[in-house]
1. Of all residues in region B:366-380 being crowded, with 20+ Cβ neighbours inside 10 Å and touching a Gly at 6+ places or on another chain (Cβ under 9 Å), which is farthest from residue B:326 (Cα to Cα)?
2. Considering only region B:315-350, state which residues are crowded, with 17+ Cβ neighbours inside 10 Å and farther than 27 Å from residue A:77 by Cβ.
3. Is it fair to say residue B:308 is under 17 Å from residue B:20 (Cα atoms) and at pLDDT 90 or above?
4. Quick check on residue B:197: is it aliphatic (A, V, I, L, M) and at pLDDT below 80?
5. Filter region B:345-358 down to the residues that are within 14 Å of chain A (Cβ to nearest Cβ) and either in a loop (DSSP other than H, G, I, E, B) or among the hydroxyl-bearing types (Ser, Thr, Tyr) (or both), then identify the one that is farthest from residue B:370 (Cα to Cα).
6. Determine, yes or no, whether residue B:364 is touching a residue at least 60 places away in the same chain (Cβ under 8 Å) and outside any helix (DSSP H, G or I).
7. Being surrounded by 22 or more Cβ atoms within 10 Å (Cβ to Cβ) and either over 21 Å from residue B:105 (Cα atoms) or of a type in the set (Val, Ile, Thr) (or both) is true for just one of B:245, B:180, B:240, B:215. Which residue is that?
Amino acid sequence: MDALIIEKTTDTPRIVLDPLNNLYEITDRSLPEDANGFYAPVFQWLTSFLDKPENKIQFSFCLEYFNTASAKQIAKVLLFLEKLSQKSEVKILWKYKKDDTDMQAAGIRYSKLLNVKFELLEV
Amino acid sequence: MAKVSHLAGNEQHSNLDFGFKLFQGMQKDNLGYIYRGMFTQTITDSIISLAETNLETTGESPKVKKRVFSILVECLQNITRHQTEHGDEIKDTDNSGIFVIQKQENSYYITTGNVVQHTAIPKLSSQLEKINSFDPDELKEYYKKILEDGTLSDKGGAGLGLIEMARKSGNKLSYEFAKINDVYSYFYLHAAISKEVDSTPVVIDLENIKNLHQIVNEEEILLVFNGVLNQDSLLSLLSIIEGQIAHDVDMRKRVYSLIVEMLQNIVKHAIKYKENETTIGNPGIFFISSKNDYYTLSTGNYIETIIVDELKSKLDHVNSLVGDELDLFYTKRLLNFEIDNSKEAGLGIIDLRMKSGNKLEYNFYKIDDKVSFFTLQIKI
C-alpha cells in the first residue's frame with residue numbers, strides 16, 4: 001500500500017503512514033480550525049489499510065500540543081488502531097517531552113480508554 | 001441595553017463589564033488593536049503579520065496594503081529604536097510602549113506611544129515641526145540631504161524614520177506629549193494614511209487613545225485585539241503572546257492552549273452583527289492582562305440571542321463540576337463523534353475549565369431579539 005505523508009505546518013502535524021518502511025507516526029502540533037477535514041485523508045487511508053494490514057505495527061505519537069477538536073480525531077485514530085489490533089500485532093507508543101505534564105496526562109487518559117498495547121515514553 | 005443574566009459566583013466581576021465597555025470604546029473609534037509592552041523583533045514581526053491578515057480579510061487593494069504596511073514598519077521600528085529601560089525612576093506599568101491601529105471610512109491611522117525624557121522633547125518637537133512645514137517635494141529634498149550628510153544619531157536615526165512616515169502617509173504627523181513624572185513623558189505619534197492619495201483623512205483626536213493608554217496601563221493589559229478572527233489572525237496572535245509571556249514553559253503552554261480554545265470558539269460559533277458583512281471570519285474582541293500574579297484572558301463576541309439560555313446552562317454545568325467529575329465528563333465528550341448539536345457542553349469549554357483551574361466567568365448583553373454579546377473571562 002502506498003504511503004501517506006503529510007508535512008507539518010504552523011497549525012497541523014506531520015503525519016507519516018508508511019508500510020514499506022514500517023513507520024507510522026503523528027508528530028508536532030495539531031490545532032487546525034477544521035480538524036475533521038484535516039484528518040479525513042488519514043481515516044480514508046486507515047480504512048483501506050484495515051483490509052490488508054501488515055503483521056506488526058508500531059504507531060507513534062509525539063505531540064507538543066493539540067486542541068480539543070484534534071483530541072477527538074486522535075481518539076478516533078486510536079480506536080481505529082484498537083480495531084486493527086484484532087488482526088495485527090499493534091503497539092502504540094505515546095512520546096512526550098520531559099516535564100510536559102499536559103501531554104503525559106493526555107497519554108494516560110487515552111491509554112485507559114483502550115484495550116491495546118500502549119506505552120508511554122518520556123523523550 | 002439590558003443584562004440578561006448574572007455571573008457565576010458572588011464575587012464582583014467588574015472586569016467583565018470592562019470587557020464590554022472596552023469593546024464598545026474600540027468599536028466607536030474603530031480601533032483595530034492595541035499592543036502594550038516591550039517591542040521585540042519577534043513581537044514586531046507578528047504584529048505586522050497580524051495586520052497583514054486583517055488587511056487581507058478586508059480586501060484592501062495591493063496599493064493601500066503596501067502603504068499601510070510600510071508605515072506600520074516605520075512606526076514599529078521607531079518604538080523599538082527608542083524604547084529604553086528606565087530603571088526605578090518609573091513604575092513598570094508606565095514604562096511600556098503602546099501601538100494602536102484603527103480604520104475609518106477611507107483612512108487608516110497608526111498611533112504609537114513611548115516613554116521619552118523631558119529633555120528630548122524640544123528636539124523631537126522641532127524635528128516634527130520642520131517635517132510638517134514641508135510640502136512633498138521639499139520633504140524629498142530634505143530626506144536626501146539628511147542621507148548625504150550622514151549625521152546619524154546614536155540611536156541610528158536622524159529623524160529619517162519620521163521623514164519616511166510623513167512621506168509615505170502623505171499627511172502631516174500629529175504628535176503630543178503627556179507628562180508622567182518630573183523626568184519622563186509619553187510621546188504620542190499619530191500617522192494618517194488616506195486610501196486615495198488626494199483625499200484628506202478625518203482628523204482624529206488623540207484624547208481617546210491617551211485615555212485608552214491609561215486604562216490599559218492601569219488594568220495591565222498586554223494586548224487588545226478587536227477585529228475579524230480567523231485561523232490566520234489566531235496564529236499571529238499566538239505568536240505575539242508567546243513572545244510576551246515571560247513565564248515558565250508550563251504557564252506559557254497553559255495560556256497558549258486556553259487562547260486557542262477561546263479564539264477557535266469565536267471562529268466557529270460567533271456570528272456577524274450585520275448579516276451582510278462579507279469579512280472572512282467573525283468579529284470579536286480578545287484581551288489579555290497580567291495583574292496580581294495571574295493572567296486574565298477575555299473574549300467578547302456576538303452570538304444569536306436564541307442560544308443564550310442553552311450556552312448559559314452549558315457553562316453553569318461545567319462550572320458546577322469538580323475534580324474527577326470534570327475528568328469523566330471530558331472523557332465522555334471526547335468519545336462523542338456525532339456532529340455536535342447536543343445539549344451538553346463541548347470539549348472546548350470543559351478543557352478551558354480544567355486548564356484554568358478556576359470557574360469560567362461570563363456575561364451576556366442582549367442587543368436585540370436576534371443578537372447578543374457574550375463575554376467570557378478566564379483566570380489562570
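1. Taking region B:366-380 first, the residues crowded, with 20+ Cβ neighbours inside 10 Å are B:372-378.
Narrowing the set further to residues that are touching a Gly at 6+ places or on another chain (Cβ under 9 Å) leaves B:373-377.
On the way: B:373: 27, B:374: 23, B:375: 23, B:376: 19, B:377: 19 Å.
Within region B:366-380, the match that is farthest from residue B:326 (Cα to Cα) is B:373.
2. Listed by number, the residues that qualify are B:315, B:319, B:321.
3. Numbers: under 17 Å from residue B:20 (Cα atoms): yes; at pLDDT 90 or above: yes.
Yes: the conditions hold for residue B:308.
4. So residue B:197 fits the description; yes.
5. Applying the first criterion (within 14 Å of chain A (Cβ to nearest Cβ)) to region B:345-358 yields B:345-357.
Restricting the remaining residues to those that are either in a loop (DSSP other than H, G, I, E, B) or among the hydroxyl-bearing types (Ser, Thr, Tyr) (or both) gives B:345-346, B:356-357.
Details: B:345: 22, B:346: 23, B:356: 31, B:357: 33 Å.
Top of the filtered list is B:357.
6. Values: touching a residue at least 60 places away in the same chain (Cβ under 8 Å): yes; outside any helix (DSSP H, G or I): yes.
Judged against the criteria, residue B:364 is a match.
7. Values: B:245 fails: surrounded by 22 or more Cβ atoms within 10 Å (Cβ to Cβ); B:180 fails: surrounded by 22 or more Cβ atoms within 10 Å (Cβ to Cβ); B:215 fails: surrounded by 22 or more Cβ atoms within 10 Å (Cβ to Cβ).
B:240 is the lone residue from the list that is surrounded by 22 or more Cβ atoms within 10 Å (Cβ to Cβ) and either over 21 Å from residue B:105 (Cα atoms) or of a type in the set (Val, Ile, Thr) (or both).
Residue-by-condition table, conditions (1) within 18 Å of residue A:102 (Cβ to Cβ); (2) not aliphatic (A, V, I, L, M):
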{"site": "A:4", "(1), (2)": "no, no"}
{"site": "A:10", "(1), (2)": "no, yes"}
{"site": "A:16", "(1), (2)": "no, no"}
{"site": "A:44", "(1), (2)": "no, yes"}
{"site": "A:73", "(1), (2)": "yes, yes"}
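The values are calculated or read from the model by the stated rules, or taken from the named source; none is laboratory data. Predicted model only: the values in this text are computed from it and were never measured. Ideal geometry is used to build each Cβ from the backbone, glycine not excepted, and the neighbour counts take in all protein chains shown.
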